[in-house]
Every structure is written in C-alpha cells, then in structure tokens.
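The values are calculated or read from the model by the stated rules, or taken from the named source; none is laboratory data. All values reported here derive from a predicted model rather than from experimental measurement. Backbone-built Cβ (ideal geometry, glycine too); neighbour counts: all protein chains shown.
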Amino acid sequence: MLFKKTMDKLMNSCKKTTELIDKKFLTSLSSKERVQLFFHTSMCKTCKSYEHQSKFLDKAVAKLFSGKSKSSIDSSEERKRNIMDKINKS
C-alpha cells in the first residue's frame, strides 16, 4: 500500500510529463518535478522522444531568433523580446 502511494506520487501522466519537459526549458524544476520527470521518461519512450525533440526545437528556435544558443540568453524575458523584435522587423 505504501509502495503504491509512493509510486502514484512519482509517476505522472504523459500530459503532465510533457508539461514538465516544456517547463524545464523555460525555468528550473523543483526536486519533486525532476524526480517525476526522470521516472516517467525512464519508462516511457514516447515522452523521452518528446523531450529530445523539444530540446532540439528549443535550441533551433533560440539560434534562429537570436543567433546564439539558448545558454547564452540571460532570461526568458530577454528571449521573448528578441523573438518579438525579429517578428516586428519582418
């Protein structure tokens, strides 16, 4: 019974896991969220694939709009401003 309750808290649905994956690219995850993400993606090939694809797309979009990799962008607000500037110039 205790094991089942613990596993229920650690295992998310695929929908919740994809939300955590997206959140991870914008901000830091809590310890609990990191553990939940790890457990789910270690057992779900679909979500693991989604994580890899999201990472690739995130880097590509950041590079496209800023000419830099995501790690060189200071904050998500700066990133949003850079994207909006590029859109407004088009």
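Here are the numbers for the structure shown:
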{"quantity": "Positions within region 60-77 being under 18 Å from the mean Cα position of the chain (by Cα) and at pLDDT 75 or above, in sequence order", "calculated": "ALA60, VAL61, ALA62, LYS63, GLU77"}
{"quantity": "Top-ranked residue in region 17-31 [being assigned to a helix (DSSP H, G or I) and touching a residue at least 12 places away in the same chain (Cβ under 8 Å); ranked as surrounded by the fewest Cβ atoms within 10 Å (Cβ to Cβ)]", "calculated": "LEU26"}
{"quantity": "Residue within region 2-16 that is hydrophobic (A, V, I, L, M, F, W, C), closer than 26 Å to GLU77 by Cβ, out of contact with any strand residue (DSSP E or B) (no Cβ under 8 Å at 6 or more places or on another chain) and modelled with pLDDT of 85 or more present", "calculated": "no"}
{"quantity": "Complete set of residues in region 42-62 that are under 17 Å from ARG79 (Cα atoms) and loosely packed, with under 15 Cβ neighbours inside 10 Å", "calculated": "LYS55, PHE56, LEU57, LYS59, ALA60, VAL61"}
